[in-house]
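Input: a single structure, listed below in structure tokens.
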Amino acid sequence: MSIRVNPELRNQLIQYGIGDWNACYHCGTCTAMCPLSEEGFLFPRKKIRLMQMGLEAQLESSVEPWLCYYCGDCTKTCPRDANPGELMMSLRRYLTSRYDWTGLSKKFYTSETWEIGFILFFAVMVVLSFLVILPSFGFRFTTELTAQGGVKVNSFAPIHIVEKFDWTMAIIVASLLISNILRMYYKIIWKSGQEKVSLFVHIREFWLLIFNFAVQPKFSKCDDKNYWISHWFLMSGYTIMFIVIVVYLPWFQTEKILPIYNLQRLLGYYATFGLLFGLLVAIIGRARREDVKFRFSHVSDWLFLFMLTSTVVTGILIHIFRINGMAYATYIAYIAHMAVLVPMILIEVPFSKWSHLAYRPFAVYFTQLKKYAIPR
Ligand code: SF4
Ligand code: SF4
């Protein structure tokens with residue numbers, strides 16, 4: 001790997017929220033305190049050193065920022081108030097933009113105008129689709145109710161069209177995310193050219209990826225177990241909701257009013273609870289700013305919380321209005337729900353905050369691969 005210094009790196013990193021990173025005088029307390037730092041993958045001090053020296057390529061090939069779960073222990077003990085926990089957070093934003101080949105991630109993280117502009121653009125497109133495009137194909141609002149007294153939601157949001165749209169959106173987002181993960185793999189494993197990992201090791205260690213996505217065991221090593229639990233509820237609620245609205249939409253978006261113990265309703269209630277619980281912890285924490293990990297909020301943090309909360313609240317309203325036969329209220333809530341859900345998935349999953357859901361378990365997997373790497 002070439003050793004090139006980028007004198008502009010400092011200015012570039014500041015755009016991602018990094019504050020006074022030059023305050024660090026490398027005492028190493030943060031690394032000693034970090035419950036997740038391990039032999040061969042030491043952080044955060046080493047990463048701060050790379051930032052200060054402008055070693056861009058070494059920083060880009062670092063897996064460590066993703067191994068940090070922002071418990072805040074390092075920030076609490078730093079004698080120079082250099083806030084190493086937030087430095088790692090900012091580094092994750094920077095790395096997300098470096099993996100992304102479209103350049104949009106950088107735009108969204110460094111310009112509120114770009115991010116809010118894209119959100120509004122997709123939101124307007126969704127509203128126009130429901131108010132102009134679908135009615136032109138004969139799909140209309142109706143106040144006629146089902147035999148059970150529920151709203152005929154499929155007459156205005158035809159399930160076969162919404163399902164096709166969902167799949168198209170999922171394929172686009174997955175393609176973007178996978179291509180970015182391949183770039184992450186290239187930078188972390190492949191680019192150095194000094195070591196190689198056998199295909200057998202790739203296959204043998206793959207279970208770690210799934211396990212870390214589902215359980216986040218590294219996160220559980222932080223002292224604050226409550227935050228791990230609330231984050232796990234948020235993640236599991238989101239994953240369940242994503243699967244049911246993409247893969248099982250005809251089963252989920254039904255006009256029938258099912259019994260409360262039906263699996264469809266139970267999954268919906270669990271996902272809603274998980275999301276609300278995780279969101280409340282994050283919103284209250286960021287508003288109070290008492291805990292170090294919530295003391296600094298980037299614009300993207302609040303935008304993400306706003307969009308996810310709006311999605312959950314409008315989803316709850318759709319359900320309440322639909323089963324109580326409130327037709328127009330259901331349609332308005334449905335349009336509002338889609339107007340915030342679609343931009344959130346298109347922007348947050350491949351380009352912004354939500355991409356860490358994929359990068360973190362892959363980082364653990366790549367770390368394991370590096371442990372078994374042999375010199376070329
Ligand atoms: S960030 Fe703080 S604790 Fe860590 S090495 Fe620098 S001065 Fe020491
Ligand atoms: S925030 Fe926690 S996990 Fe992250 S570097 Fe600091 S001590 Fe380690």
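How long are the semi-axes of the equivalent ellipsoid of segment 51-125, defined as square roots of 5 times the Cα gyration tensor eigenvalues? Whole Å, largest first.
29, 16, 11
Go through segment 120-134 residue by residue and turn each phi into a ³J(HN,Hα) via Karplus (6.51, -1.76, 1.60, θ = phi - 60°); whole Hz please, and just put x for glycine and proline.
5, 4, 5, 5, 5, 4, 5, 4, 4, 4, 7, 8, 10, 5, 4
Extension gain TYR248-PHE273, at 0.36 nm per residue separation less the Cα-Cα distance, in nm?
Numbers: separation 25, 0.36 × 25 = 9.00 nm, distance 1.96 nm.
Using 0.36 nm per residue and subtracting the Cα-Cα distance, I get 7.0 nm.
No solvent, one uniform scatterer per C-alpha: report log10 I(q)/I(0) for the chain via the Debye equation at q = 0.09, 0.10, 0.15 1/Å, two decimals.
These q points yield log10 I(q)/I(0) values of -0.57, -0.70, -1.36.
If you fit an axis through the alpha-carbon atoms of helix 356-371 and take the longest principal axis of the Cα set of the chain, what angle between them do you get, 0 to 90°, nearest 10?
For 356-371 against the chain, the angle is about 40 degrees.
Would you mind working out the magnitude of the charge dipole of segment 9-99 relative to its Cα centre, with +1 at each Lys and Arg C-beta and -1 at each Asp and Glu C-beta, to the nearest 20 Debye?
Taking the Cα centre of segment 9-99 as origin, the dipole is about 160 debye.
Putting +1 on Lys and Arg Cβ atoms and -1 on Asp and Glu Cβ atoms, find which of TYR365, HIS298, PHE252 reaches farthest to the positive end of the dipole of segment 220-376.
Farthest towards the positive pole: TYR365.
Please compute the net charge surrounding LYS191, taking Lys and Arg as +1 and Asp and Glu as -1 over other residues with Cβ under 15 Å from its Cβ.
Cβ neighbours under 15 Å give a net charge of +4.
Taking Rh as the Kirkwood radius computed over C-alpha pairs, what is the Stokes-Einstein D of segment 232-289 at 37 °C in a medium of viscosity 0.692 mPa s, expressed in µm² per second?
266
About its Cα centre, what dipole magnitude does segment 128-196 give when the only charges are +1 on Lys and Arg Cβ and -1 on Asp and Glu Cβ, stated in debye to the nearest 20?
Working: 7 positive and 4 negative charges, 73 e Å.
So the magnitude is around 360 debye.
How much length is gained on full extension from ARG265 to ARG10, taking 0.36 nm per residue of separation minus their Cα-Cα distance? Intermediate results must be reported in sequence, preceding the final value.
Working: separation 255, 0.36 × 255 = 91.80 nm, distance 5.02 nm.
Full extension from ARG265 to ARG10 adds 86.8 nm.
Which one, ILE188, GLY149, ILE119, projects farthest toward the positive side of the charge dipole computed for segment 77-196 from Cβ point charges (K/R +1, D/E -1)?
ILE188
Note down the relative contact order for the chain as a percent, whole number, built from C-alpha pairs under 8 angstrom at least six residues apart.
Numbers: 480 pairs, mean separation 92.0, N = 376.
That works out to 24 percent.
Between helix 327-343 and the chain, what is the angle of the helix's C-alpha long axis to the longest principal axis, kept within 0 to 90° and rounded to the nearest 10?
Orientation of helix 327-343: about 20 degrees from the principal axis.
Would you tally the net charge around GLY149, using a Cβ to Cβ cut-off of less than 12 Å, leaving GLY149 out, and scoring K and R as +1, D and E as -1?
+1
Distance between the C-alpha centers of segment 156-214 and segment 3-47? Whole Å please.
27
At 0.36 nm per residue, and after removing the present C-alpha to C-alpha distance, how many nm does the segment from THR77 to GLU39 gain when stretched out fully?
Between THR77 and GLU39, full extension yields 11.6 nm more.
Against the longest principal axis of the chain, how steep is helix 206-215, in degrees 0 to 90 to the nearest 10, with axes from Cα atoms?
Helix 206-215 sits at roughly 60 degrees to that axis.
Computed from the coordinates by the stated procedures, all read-outs in this text should not be read as laboratory data. As the structure is a prediction and not an experimental result, all values here were calculated from the model. Cβ: placed from backbone, ideal geometry, glycine included. Neighbour counts: every protein chain shown.
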